[in-house]
Amino acid sequence: MNSPDPRDSRAMNMPPVRSGNRVDINRYVADLVRREIRLGLLPPGSALPSERDFADKLGIGRTPVQIAFRQLQSEGLIVQRRGRNGGAFVRLTGQDEDEERFRDVIREALATRDEIRMAMEYRCIVEPSASRLASERRTAAELRELESAHALLMEAADDASFMRSDAVFHLTLANVTANPFLVRGIEESRQCCHPALVLLPEGGAFHEVTIAEHSEILDAVRAGEAELAEQTMSEHVRRSMWSVEKLLSSLRESQRE
C-alpha cells in the first residue's frame, strides 16, 4: 500500500490550540487523529506527522502529542516505531484481523443505522446548498485545491485511497464555503456515515459513477454556476443515500437469516 504523504493530512491544516489545560489538549490531539482515521483520511499504513511537526503546527508542546499518541496506540489505532524510518503509523491488520474488523464495521453500521440514515438525510439537505455557496465564493487557490482533490480520486490505486480522496473532495468543498458551521456539520455527518460508506461496493462501476459525479460538481463550481452546482451535488448525495439505504436493508435481512 502506498502511504499518503503525512503533509497531506488535514490535521496539519488545523488552527493552533490555545489552552492552558494539558488534559484538554491531549484529548484534542487524540480526537483529531481519531477523526482523520474515521473519515478515511488516514488509511491503514499511512504515516502521521512527526510529534515535532504536529506540535509546531498546532502551537503546543510535544508532551501532549506524545500522550495522545500513546492513548491512540493503546486503542489499537496506531503503532509507533523507533529508528530511522520510525514514527507513528495507522495500524495495519492481518487477514484474520481484517475479517474481524470488517465484522465490527457491519455490527457498527447495524447498531447505528438510524443515526446513519439521519446523517445521510442531513447531507442531502446541506451539501447541495454548500456546493451552491462554494460556486459563489471559491477563490482561484481554493479551486486548485478542489481540482487536486478530484485528481487524487481519479488516480486512486486502491479502495482505501479512493475513500480518502472522496472524503477530501467533500471536505475541501465544505471549507470553500468559509462557514465553520457548515464545515463542522458536514464533517460530523460524514463521520457518522463512515461505517456504511466503507461497506459500499469497491472499484468498478461504483467508482466510475462517483468520479463522473464529482467531475460534474467540479465543473459547475469552476464555472460559478450556483444552481447547477446545487443540483449535481443533490443528485450525488441522493444516489449515495439510496446506496446506503439498500446496504443497511441487506445487512439487516442477512442478520435475520
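Okay, here's what the table says:
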quantity	calculated
Amide H within-cut-off set for Ala178, under 5 Å, with H built and near neighbours excluded	none
Local electrostatic count, Glu51, Cβ distance below 12 Å [Lys/Arg +1, Asp/Glu -1]	+2
Computed label-point distance, nm, for sites Met154 and Arg70 using a 7 Å Cα→Cβ extension	4.7
Hull volume in cubic angstrom per residue (convex hull over the Cα atoms of the range 126-229)	86
Paramagnetic reach from Glu108 in the range 214-242 [backbone N under 20 Å; point 7 Å along Cα→Cβ]	241
Extension gain, Asp24 back to Asn85 (0.36 nm per residue minus Cα-Cα distance, nm)	18.9 nm
Separation of the Asp31 and Arg62 label points, Cα + 7 Å toward Cβ, nm	2.6
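Coordinate-derived values only; no laboratory data. From a predicted model like this one, the values you see are computed outputs, not experimental measurements. Heads up, the Cβs are rebuilt from the backbone with ideal geometry, glycines too, and the neighbour counts pull from every protein chain shown.
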